[in-house]
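Before any comments, here is the structure.
The values are calculated or read from the model by the stated rules, or taken from the named source; none is laboratory data. Remember, predicted model here, so these are calculated numbers, not experimental data. Neighbour counts run over all protein chains shown; Cβ positions are idealised from the backbone, glycine included. With ligands, DNA and RNA removed, areas are computed over all heavy atoms of the protein, side chains included. Shrake-Rupley method; radii C 1.70, N 1.55, O 1.52, S 1.80 Å.
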Amino acid sequence: MKMEKYYILVSEGVTDCSFLEAVLEKMLHYLPCRNVKDLPLLFREMIGQYPAVSGELKRQDSPVFYHKDKIGIAVKQANGCDNIPLKVGALAYLIDKLDVYEDFGGFIIFCDTDLKTKDEIKDSFARKWKENDIGFHDECLTICGHAMPCYIYFFPSDGIGAVEKLLLECTEISYPALYREAQRYADVFMTDEYSKIRKECWASDERIQTFYADKVQLGAVSSVLKPDRPVRFTIKDKIIRSKFGEAYLKRPEFKKLYDFLTNLLV
């Protein structure tokens, strides 16, 4: 297996990454890489080696790697939207150090909008990159006189929200009855009776509470489909299923993501 072009997908959390991994596997037919010896040097250098403080007793997470034909993909978790520029910046300097610009297809960043606009998030990223001498303009990062593509995709593609909403759309297709029951369950906690708990345990902002209601509904689905495993396994093993691919693509939000990936990963 020889990868001639490789991409790095960076997303903020476990849920986002698990969804992207499921789409790569079930919809785009990418295969997981099984042996570190098959990875290009850039990917091997990403395995738990940056950025770490000497002597820090902290688990270093590694990306998940995929391949198809001569394309390689690394899916990297940033542990929060605010951490994305730091993770991408560290990788950009790694690419410069290894001088693998020619083989690198680009960064593909996935980010929940939550309550922010796309421009607000892009401006925030650009400021943080600038602090580390990295420029960002017109879907391109510039570092040490070199340029590399950097694309940003937002969940949802329009408006505010998070990836759970799209996952629930897929759940409605894969398990319609379970989707409805889980929705009724989540609706209970949006009533006045649970107002105090929502403010104490979720967020004081009622708009953010609606995002958490989606998380509660997805959690209820997961507790039925994979009662002994974390949500990420439910997403990859149960919610996104190849046999419902055509139905997923009829949902505008899913179709936009699918087209975005298929147009870039070439």
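First check a/c for region 1-153, with a ≥ b ≥ c the square roots of the eigenvalues of its C-alpha gyration tensor; if it is under 1.5, answer rounded, and if not, answer prolate when a/b is larger than b/c or oblate otherwise. It is rounded, given that a/c, with a ≥ b ≥ c, falls under 1.5.
Take D103: with every protein chain present and a 1.4 Å probe, its accessible area is about 60 Å².
Applying the criteria of a DSSP loop state and at most 15 other Cβ atoms within 10 Å to the GluC sites (Glu not before Pro) of region 78-177 yields E102, E139.
Coupling constants for region 149-156 follow from the phi torsions by the Karplus curve (6.51 cos²θ - 1.76 cosθ + 1.60, θ = phi - 60°), and in residue order they are x, 8, 9, 10, 10, 10, 9, x Hz; glycine and proline get x.
Amide hydrogen proximity for Y7: with H placed 1.01 Å from N in the peptide plane, the residues at 5 or more positions away or on another chain lying under 5 Å are G72, I73, A74, G105.
The calculated 222 nm mean residue ellipticity attributable to helices in the chain amounts to -13000 deg cm²/dmol, summing -39500 (n - 2.57) over DSSP H runs of n ≥ 4 and dividing by all residues. For region 88-94, putting each phi into the Karplus relation 6.51 cos²θ - 1.76 cosθ + 1.60 with θ = phi - 60° gives couplings of 5, x, 4, 6, 4, 5, 5 Hz, in residue order, rounded to whole numbers and with x for Gly and Pro. Among G80, G106, G145, the largest mean-square fluctuation in a Gaussian network model of the chain, built with springs joining Cα atoms closer than 10 Å, belongs to G145. Summarising the amide proton neighbourhood of C150: residues at separation of 5 or more, or on other chains, whose placed amide H is nearer than 5 Å comprise F107, C140, L141.
Of interest is the spacing of the C-alpha centroids, which for region 222-255 and region 173-191 amounts to 15 Å. Shape of region 130-266 from its Cα gyration tensor (a ≥ b ≥ c, root eigenvalues): rounded if a/c is under 1.5, otherwise prolate when a/b > b/c, or oblate? It is oblate, given that a/c is not under 1.5 and a/b is not larger than b/c.
Report, to the nearest whole %, how much of the accessible area of the chain belongs to carbon and sulfur atoms, 1.4 Å probe, protein only. Carbon and sulfur together cover 49 percent of it. Within the chain, antiparallel bridges make up roughly 40 percent of the DSSP beta bridges whose residues both belong there. Rounded to the nearest whole Hz, the Karplus-based 3J(HN,Hα) values (6.51 cos²θ - 1.76 cosθ + 1.60, θ = phi - 60°) of region 185-192 follow the sequence 4, 5, 4, 4, 7, 9, 7, 4, with x at glycine and proline. Sorted largest first by accessible area at a 1.4 angstrom probe radius, with every protein chain in place, the residues D123, D214 fall in the order D123, D214.
Ligands, DNA and RNA are left out, and with a 1.4 angstrom probe the accessible area of region 68-220 is 50 Å² per residue. Partner aspartates and glutamates whose Cα lies under 19 Å from the Cα of K238, excluding those fewer than 8 positions away in the same chain, are identified as D16, E21, E25, E164, E169, E172, E181, D214, D228, E246.
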